[in-house]
Amino acid sequence: MVDTFLYTTPLDPRAKPLIDELTFEYDSRYGSYFSAAGAAEEMNRYPAEAFAPPHGNFLLLLRNGETIGGGAFKHYDDHTAEFKRIWTRSDLRRQGLAVKVLVELEVQAARQGYSRVYLTTGFRQPEAVGLYLKYGYTALFDIKVDPEVYRTLPFEKQIGHLATAGAAGIVRAERPLQQATGHR
């Protein structure tokens, strides 16, 4: 079993599993809560160029050539990358794959000059909330309040220190990942 990161574009055919499953998952959890058009509207909100260097990036996690996870970031402001589309295949969850994707995106965003990450998740995604809190993200909302009050739940994390850390233990695109979870 070999896991690799691949920096690419949302238009890459290998991104289709990520986009299709995210759309299905968002529709399953939210239906038309945010929009009558459902998740398709959210998934098509940004052009592929928004996730392209030098201001963004789009990442797939591949296992033996098959897409099993991914994520992206885009420009939010001069110091902040906004993370989007963080996903792992539903049948492979609880294996630390989302952490691998998150850490890789953080390091890459820092390499591209960002010192802060901003992201949002929906109120019906407690797994994502738990992940972000566990891995050093600060909730920009009161976590003691019913999350449905907020609808979308914003988080932030400072990552400027990663620009000089050299990303020890992180393997880049087209090279095998270590089988560890990528924790530092």
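Bear in mind these aren't lab numbers, they're just calculated from the coordinates by the rules spelled out. What you see is a predicted model, and the numbers here were worked out from it, not measured in a lab. Don't worry about glycine lacking a Cβ; one is built from the backbone with ideal geometry, like all the others, and counts go over all protein chains shown.
Details
- Model label points for Glu21 and Leu92, set 7 angstrom from Cα along the Cα-to-Cβ axis, are 0.7 nm apart.
- For Phe24, Phe123, Phe34, Phe58, the sequence from fewest to most other C-beta atoms within 10 Å is Phe24, Phe34, Phe123, Phe58.
- When each of the peptides 140-149, 79-88, 109-118, 153-162 is scored by how many other beta carbons lie within 10 Å of its residues on average, the order from highest to lowest is 79-88, 109-118, 153-162, 140-149.
- Set of aspartates and glutamates with alpha-carbon distance to Lys157 below 19 Å, sequence-local pairs under 8 removed: Asp77, Asp78, Glu82, Glu104, Glu106, Glu127, Asp142
- For Ile159, the shell of other residues with beta-carbons less than 9 Å away shows a net charge of +1, using +1 for Lys and Arg and -1 for Asp and Glu.
- Computed magnitude of the charge dipole of the chain (debye, nearest 20; Cβ of K, R +1, Cβ of D, E -1): 480 debye
- Estimated inter-spin distance, Val99 and Glu41, nm [label 7 Å along Cα→Cβ]: 3.7 nm
- Along its three principal directions, the equivalent ellipsoid of segment 39-115 from the Cα gyration tensor extends over semi-axes of 22, 16, 10 Å, largest first.
- Relative contact order computed over segment 3-163 (Cα-Cα under 8 Å; 6+ residues apart), in percent: 19 percent
- Local electrostatic count at Ser115 - Lys and Arg +1, Asp and Glu -1, tallied over other residues with Cβ under 12 Å: -1
- Tail fraction, Cα-Cα pairs, the chain, threshold 19 Å, whole percent: 57 percent
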